[in-house]
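*Asks:* Have a look at this one.
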Amino acid sequence: MDKPIYVLNGPNLNLLGSREPEIYGRTTLADIEAMARARAADLGLAIDFRQSNEEGVLVNWIHEAREKGSAIIINAGAYTHTSVALLDALTAAELPAVEVHLSNIFKRESFRHHSYISGVALGVICGFGATGYLLALEALKNALND
Ligand code: DQA
């Protein structure tokens, strides 16, 4: 069995669908998971899809991915803009990682323009809503084949 791609979601993303729909849309995290599972199956990839509101839990999951995963897709939510701990964990993981944001963070408040994790990501996808997760899977499919 191939190692799964860990798809990790950070704080407040459990509220997708009802949280600021003018920014994040009406798609729920369960909808995104279903879409990601379908695309992963098409691509022949296994995924492990998770969400936590706690920074330390996300750090622990990145450590787990380091041992058991092939790659990471991460929407770290607001921790993107604050967390050296997530940067350090992703650096230690030494796995291809794609940073995803539903919204275009560069069209928003200036504090969202800086990401601690972009510097260790293979790439960053933002502004395409749930489609970003599917694009990340396709990007990793190619990266893992290289
Ligand atoms: C987000 C963007 C972050 O700035 C914000 O804190 C989020 C969601 C996005 O997916 O657009 O919680 O990561």
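*Asks:* Identify all residues within segment 52-71 that are within 15 Å of the ligand (Cβ to nearest atom) and surrounded by 22 or more Cβ atoms within 10 Å (Cβ to Cβ); write none if there are none.
*Replies:* Once the filter is applied, which keeps residues that are within 15 Å of the ligand (Cβ to nearest atom) and surrounded by 22 or more Cβ atoms within 10 Å (Cβ to Cβ), segment 52-71 yields only LEU58.
*Asks:* Also, quick follow-up: Quick check: anything in segment 1-11 at pLDDT below 95, in a loop (DSSP other than H, G, I, E, B) and of a type in the set (A, V, I, L, M)?
*Replies:* There is at least one residue in segment 1-11 that is at pLDDT below 95, in a loop (DSSP other than H, G, I, E, B) and of a type in the set (A, V, I, L, M).
*Asks:* Just need a number here: residues in segment 34-51 that are buried (at least 20 other Cβ atoms within 10 Å of the Cβ) and part of a helix (DSSP H, G or I).
*Replies:* Result for segment 34-51: 2.
*Asks:* Tally time: how many residues in segment 1-25 are surrounded by 17 or more Cβ atoms within 10 Å (Cβ to Cβ), of a type in the set (Val, Ile, Thr) and within 12 Å of the ligand (Cβ to nearest atom)?
*Replies:* Total meeting the criteria: 0.
*Asks:* Consider only pairs whose beta carbons are under 8 Å apart and that are at least six residues apart or on different chains; among these, list those whose first residue lies in segment 104-124 and is among the hydroxyl-bearing types (Ser, Thr, Tyr) and whose second residue is more than 10 Å from the ligand (Cβ to nearest atom) and at pLDDT 95 or above.
*Replies:* Note: pairs meeting the criteria are SER115/VAL124; TYR116/SER83; TYR116/VAL84; TYR116/LEU86; TYR116/LEU87; SER118/VAL124.
*Asks:* Further, regarding this structure: Condition first: closer than 21 Å to ILE32 by Cβ, open to solvent by 30 Å² or more (accessible area, probe 1.4 Å) and part of a helix (DSSP H, G or I). Now tell me which residues in segment 82-117 satisfy that.
*Replies:* LYS107, ARG112
*Asks:* Which numbered condition in (1) near the ligand (Cβ under 10 Å from one of its atoms); (2) without any contact (Cβ under 8 Å) to a residue 40 or more places away in the chain; (3) within 21 Å of ASP146 (Cβ to Cβ) is the only one that THR82 fails?
*Replies:* (3) is the only condition that THR82 fails.
*Asks:* On to the next question. Failed condition for GLY132, given (1) under 18 Å from ILE5 (Cβ atoms); (2) in a helix (DSSP H, G or I); (3) away from the ligand (no atom under 12 Å from the Cβ), with all others met?
*Replies:* Every condition holds for GLY132 apart from (3).
The values are calculated or read from the model by the stated rules, or taken from the named source; none is laboratory data. None of these values were measured; they are calculated from a predicted model. Note that each Cβ is placed from the backbone with ideal geometry, even for glycine, and that neighbours are counted across all protein chains shown. Each accessible area value is taken on the protein alone, full model and side chains, heavy atoms only, with ligands, DNA and RNA left out. Shrake-Rupley method; radii C 1.70, N 1.55, O 1.52, S 1.80 Å.
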